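Report on the structure given below.
The values are calculated or read from the model by the stated rules, or taken from the named source; none is laboratory data. These numbers come from a predicted model, not from an experiment. As a convention, Cβ positions derive from the backbone with ideal geometry for all residues, glycine included, and neighbour counts pool all protein chains shown.
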Amino acid sequence: MAYTLWRGVVGMVKPTRRPGSLEELIRILPEGIGVVPLLLNVRQGNRQEFASAIPHYEKYVSELAEQGMDLIRVGGTPPFMLLGAKGEAELIRKWERTYKTPIRTDGQTHTAAMRALGIKRFIGASYSALQNEIVINYMTQSGFTCVSMEPIDVPFHEVGQIAPERVYSHIKALFRKHKGADGIYIQGGGWRTGEIVETLEQDLQVPVVHATYCQSWEIQRRLSVREPRQGCGRLLAELPPLP
């Protein structure tokens, strides 16, 4: 069975059953793009759980490919970033050959967005020390320089309760303390941080890469849709080409 919608259909494999980011993505996607989500059940957010998730992702990728998706997105940065940039790319190429469908990870999307916005040196924020470590290693392998990246370390199940204003203050303090960054990277879709993207860009005068907004940008570019959106920062307002 193949599912269709007039502007295209995206299959998504998300690592958790945490509400928020999927709803946010669907709200900011242009009308006519369909989303078919399948959800894993990552709960602890530890290294062992991330590392063991890949076979479960592939099972859902297989199901979505069979249903005729135009694009499949495998969400969650840590499981794939743990493979390293090269290992991740090799795995995704293998899956694309096997399942005859374009597939993208969040890490690939985030680095593409950073290149599209001209970011080479970034200030970052995440919501755990482990994710911080994984992200810095991956971004370094991908050719970026992390000027500073510090987590707001909370229990994995409490990520969605971090106030956007707290994230804004955290990032701004890092940016002012550590000079030389030409962009900001807000890692992970678990926290509700979309509303601070444009404010950060206006206040600090650098582009911001935000996990959920990156997904909307790449989905549009890969489905040949162009519907700029104001109020969500430069990436969605300008919709630069994929690098």
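Name the single residue that is nearest to Leu71 (Cα to Cα) among those in the range 19-47 being surrounded by fewer than 18 Cβ atoms within 10 Å (Cβ to Cβ) and among the charged types (D, E, K, R).
Going through the qualifying residues, I end up with Glu31.
Filter the range 50-80 down to the residues that are part of a loop (DSSP other than H, G, I, E, B) and crowded, with 18+ Cβ neighbours inside 10 Å, then identify the one that is modelled with the lowest pLDDT. Lay out the reasoning, then the answer.
Residues of the range 50-80 that are part of a loop (DSSP other than H, G, I, E, B), as a first pass: 52-53, 67-70, 75-76.
Then keep just the ones that are crowded, with 18+ Cβ neighbours inside 10 Å; that gives 53, 69-70, 75-76.
Values: Ala53: 93, Met69: 97, Asp70: 97, Gly75: 92, Gly76: 88.
Across the range 50-80, the extreme among qualifying residues is Gly76.
Going through Leu223, Leu204 one at a time, which residue ends up being over 30 Å from Leu71 (Cα atoms), touching a strand residue (DSSP E or B) at 6+ places or on another chain (Cβ under 8 Å) and modelled with pLDDT of 95 or more?
Exactly one of Leu223, Leu204 is over 30 Å from Leu71 (Cα atoms), touching a strand residue (DSSP E or B) at 6+ places or on another chain (Cβ under 8 Å) and modelled with pLDDT of 95 or more, namely Leu204.
Got at least one residue in the range 96-103 being of a type in the set (D, E, K, R), surrounded by fewer than 21 Cβ atoms within 10 Å (Cβ to Cβ) and either touching a helix residue (DSSP H, G or I) at 6+ places or on another chain (Cβ under 8 Å) or at positive phi (or both)?
Yes - at least one qualifying residue is present in the range 96-103.
I'd like to check something: does the range 81-93 contain any residue that is buried (at least 19 other Cβ atoms within 10 Å of the Cβ), of a type in the set (Val, Ile, Thr), free of Cβ contacts under 8 Å to residues at least 40 places away in the same chain and in a helix (DSSP H, G or I)?
yes
Ser52: farther than 16 Å from Gly189 by Cα, small (Gly, Ala, Ser) and free of Cβ contacts under 8 Å to residues at least 24 places away in the same chain, yes or no?
So Ser52 passes the test.
I want to confirm something. Restricting to the range 172-195 and keeping residues that are touching a strand residue (DSSP E or B) at 6+ places or on another chain (Cβ under 8 Å) and closer than 19 Å to Gly231 by Cα, which single residue is surrounded by the fewest Cβ atoms within 10 Å (Cβ to Cβ)?
Gly183
Would you mind telling me which numbered condition in (1) out of contact with any Pro (no Cβ under 6 Å at 6 or more places or on another chain); (2) without any contact (Cβ under 8 Å) to a residue 12 or more places away in the chain Ala237 fails?
(1)
Collect the residues in the range 57-99 that are in contact with a Ser or Thr (Cβ under 7 Å, 6 or more places away or on another chain) and charged (D, E, K, R), keeping them in residue-number order.
Scanning the range 57-99 gives a single hit, Glu88.
Go through the range 1-49 residue by residue and tally those that are of a type outside the set (Gly, Ala, Ser), part of a helix (DSSP H, G or I), within 23 Å of Ser128 (Cβ to Cβ) and touching a residue at least 24 places away in the same chain (Cβ under 8 Å).
Of the range 1-49, the ones of a type outside the set (Gly, Ala, Ser) are 1, 3-7, 9-10, 12-19, 22-31, 33, 35-44, 46-49.
Those still in the list that are part of a helix (DSSP H, G or I) too: 22-28, 47-49.
Okay, now just the ones that are also within 23 Å of Ser128 (Cβ to Cβ), so 22-25, 47-49.
Filter once more, so that each one left must be touching a residue at least 24 places away in the same chain (Cβ under 8 Å): 24-25, 47.
The qualifying residues number 3.
Out of the range 150-171, which residues are in contact (Cβ under 8 Å) with a residue 24 or more places away in the chain, surrounded by 13 or more Cβ atoms within 10 Å (Cβ to Cβ) and over 21 Å from Pro207 (Cβ atoms)? Working first, answer last.
First, pick out the residues of the range 150-171 that are in contact (Cβ under 8 Å) with a residue 24 or more places away in the chain: 150-154, 156-157, 159-160, 162, 164-165, 167-168, 170-171.
Right, trim to surrounded by 13 or more Cβ atoms within 10 Å (Cβ to Cβ) and you get 150-152, 154, 156-157, 159-160, 162, 164, 167-168, 170-171.
Listed by number, the residues that qualify are Pro151, Ile152, Val154, Phe156, His157, Val159, Gly160, Ile162.
When both residues are 6+ apart or on different chains and their Cβ atoms are under 6 Å apart, which pairs have a first residue that lies in the range 192-220 and is in a loop (DSSP other than H, G, I, E, B), and a second that is of a type in the set (Lys, Arg)?
As it stands, the answer is Pro207/Arg234, since those pairs meet every condition given.
What residue, among those in the range 151-177 that are among the charged types (D, E, K, R) and either modelled with pLDDT under 90 or in contact with a Cys (Cβ under 7 Å, 6 or more places away or on another chain) (or both), is farthest from Val208 (Cα to Cα)?
Glu158
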